[in-house]
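Beneath this line is the structure, given in structure tokens, with notes to follow.
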Amino acid sequence: MYGMVNRALQEMVEGSQGTDVWERVKTRAGVDVEVFISTEGYPDELSYKLVSATSEVLRMSVDGVLEQLGGHWILQTARYGYGDLMAAGGASLAEFLVSLPEFHSRMTAIFPELNPPEFRVERNGERGVLVHYYSHRTGLTSLVKGLLRGLGEMYSEPVTVTLVKVRGQGSDHDEFAVSW
């Protein structure tokens, strides 16, 4: 994963808990990287270790950490670090969600080594969509749920995000029903 993910986790922990707690997370994870460079690739395992250590240090579930990170990513990292890219997604939540499949295509122009997930979106009523999430990475379902909730908050649209299909439980991908 690119350093921007690890850096976002660091900013989330430091912003709510302080630098000392982040240092405890890194120690627990066995990670000695001083500064994560956003545009540099890091092994996925390093990111998973940091999330697991954050879970232990903050006494939260891994899913809770990932969901919080997803919201933080949208509301802080993406909004302020990649504002133009986010704005290109649309002027409303509905527009952004419908254009979600093209979002990572725009990202690969910036990060050519990116190995992103795939999203497929279909309308689900007047105020809803089904978001199909395909990824070669496992264990990030709660991150996506947090991202979707963060998008609702970014567009000032109260959203309901429901996981309706789970990868590995009769499906080859996760599926979310998002309504606003």
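Every number here is computed from the coordinates shown, using simple stated rules; none is lab data. What you see is a predicted model; the values in this text were computed from it and never measured. Using ideal geometry, Cβ is built from the backbone for each residue, glycine included, and neighbour counts are taken over all protein chains shown.
Data table
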quantity: Descending Cα extents along the principal axes, segment 37-180, whole Å; calculated: 41, 34, 27
quantity: Dipole-positive endmost among LEU100, VAL159, TYR133 within the chain (Cβ charges, Cα centre); calculated: VAL159
quantity: Net dipole in debye of segment 91-179 [+1 Lys, Arg Cβ; -1 Asp, Glu Cβ; about Cα centre; nearest 20]; calculated: 180
quantity: At R0 = 25 Å, FRET efficiency that the Cβ-Cβ distance of SER61 and SER16 yields, to 0.05; calculated: 0.95
quantity: Hydrodynamic radius by Kirkwood, which averages 1/r over all alpha carbon pairs of segment 1-79, in angstrom; calculated: 12.3
quantity: Separation of the ALA109 and THR138 label points, Cα + 7 Å toward Cβ, nm; calculated: 3.5
quantity: Under 23 Å from the Cα of LYS145 - lysines, other chains or at least 8 residues apart; calculated: LYS49, LYS165
quantity: GluC sites (Glu not before Pro) within segment 92-180, DSSP loop, no more than 15 other Cβ atoms inside 10 Å; calculated: GLU113, GLU126
quantity: Per-pair calculated FRET efficiency, R0 = 35 Å: GLU23 and ASP84 via Cβ, rounded to 0.05; calculated: 0.60
